[in-house]
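Here's the structure, in structure tokens; my notes come after.
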Amino acid sequence: DGGITQSPKYLFRKEGQNVTLSCEQNLNHDAMYWYRQDPGQGLRLIYYSQIVNDFQKGDIAEGYSVSREKKESFPLTVTSAQKNPTAFYLCASSKGEPYNEQFFGPGTRLTVL
Amino acid sequence: DQQVKQNSPSLSVQEGRISILNCDYTNSMFDYFLWYKKYPAEGPTFLISISSIKDKNEDGRFTVFLNKSAKHLSLHIVPSQPGDSAVYFCAARGINTGGFKTIFGAGTRLFVKA
């Protein structure tokens, strides 16, 4: 079955620690995305990547970093510089052509203690 | 600056009746609009989309209407079913980011009562 996997589903970290969230897709999609969802808010774009070895900042990139070394993988690192990292993080992918719908993973809930 | 607004946080509808979810946008550069459905603790799933060259798109029980002059779109669900109870996100894209960057509204939680 093709799809997007995110692991783990729940993640706890101490304040000041960096943490990396995993996102893998086997849909052969060129584009991948990271979003953050907070209560009562929509999904806000952190970073997106249209092709391997290339990525662009979204609306709230500060305190986050990404890499895209492989087509199927787009890990997100939440650094200690992110002032309010506790949130629900969603990864998505889409075909390389613009205007295609995005397919989302199940999400990772990060809690920083 | 919220470019995509869903002003109703929640909506309650009786089973079998019509559900109408509304969405307003401010950026005239948006030319493609999507609706996603989300259940708790899951990722959103794509529901239906519409290009700015159209004013209506229909897929089974779901119809999206676009009023470009009013910068308003709506999602109609007829008839509503209890399984439709979820959060619905309106989203928009524009040619100025090549169509890859999507702006989401805050969502409307739909309750369909049996």
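The values are calculated or read from the model by the stated rules, or taken from the named source; none is laboratory data. Source: prediction; values computed, not measured. Glycine gets a Cβ as well: all are built from the backbone with ideal geometry, and neighbour counts include every protein chain shown.
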Next on the checklist: Looking only at residues that are within 9 Å of chain B (Cβ to nearest Cβ) and in contact with a Phe, Trp or Tyr (Cβ under 7 Å, 6 or more places away or on another chain) in the range A:96-113, which one is farthest from A:Tyr48 (Cα to Cα)?
Outcome noted: A:Arg109
Checklist entry - Taking the range A:3-18 as the region of interest, how many residues are surrounded by 14 or more Cβ atoms within 10 Å (Cβ to Cβ) and either among the aromatic types (Phe, Trp, Tyr) or within 12 Å of the chain's Cα centre (by Cα) (or both)? => result 2
Checklist entry - Which members of the range A:1-35 meet the condition of being within 13 Å of another protein chain (Cβ to nearest Cβ) and of a type in the set (Gly, Ala, Ser)? => result A:Gly3, A:Ala31
Next on the checklist: Condition (residue is in a loop (DSSP other than H, G, I, E, B), over 23 Å from B:Ala106 (Cα atoms) and in contact with a strand residue (DSSP E or B) (Cβ under 9 Å, 6 or more places away or on another chain)) applied to the range A:77-94: is it met by at least one residue?
Outcome noted: yes
Checklist entry - In this structure, is A:Tyr48 modelled with pLDDT under 95 and in a strand (DSSP E or B)? => result yes
Next on the checklist: Looking only at strands (runs of 3 or more DSSP E) that lie completely in chain B, which have at least 3 residues being farther than 16 Å from A:Gln102 by Cβ?
Outcome noted: B:10-14, B:19-25, B:56-59, B:62-67, B:72-77, B:108-113
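Take B:Thr108 and decide whether it is over 15 Å from B:Ser8 (Cβ atoms), buried (at least 20 other Cβ atoms within 10 Å of the Cβ), touching a residue at least 24 places away in the same chain (Cβ under 8 Å) and within 13 Å of chain A (Cβ to nearest Cβ). Don't jump to the end; show me each part of the working.
Details: over 15 Å from B:Ser8 (Cβ atoms): no; buried (at least 20 other Cβ atoms within 10 Å of the Cβ): yes; touching a residue at least 24 places away in the same chain (Cβ under 8 Å): yes; within 13 Å of chain A (Cβ to nearest Cβ): yes.
No.
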Checklist entry - Applying the selection to the range A:24-53, what residues are surrounded by 14 or more Cβ atoms within 10 Å (Cβ to Cβ) and over 10 Å from A:Ser93 (Cα atoms)? => result A:Tyr35, A:Arg36, A:Gln37, A:Gln41, A:Gly42, A:Leu43, A:Arg44, A:Leu45, A:Ile46, A:Tyr47, A:Val52
Checklist entry - When you scan the range A:36-94, how many residues do you find that are within 14 Å of another protein chain (Cβ to nearest Cβ), free of Cβ contacts under 8 Å to residues at least 24 places away in the same chain and of a type in the set (S, T, N, Q)? => result 2
Item to check | Residue that is surrounded by the most Cβ atoms within 10 Å (Cβ to Cβ), among those in the range B:27-83 that are within 14 Å of another protein chain (Cβ to nearest Cβ), more than 15 Å from the chain's Cα centre (by Cα) and closer than 28 Å to A:Thr5 by Cα | outcome: B:Gly43
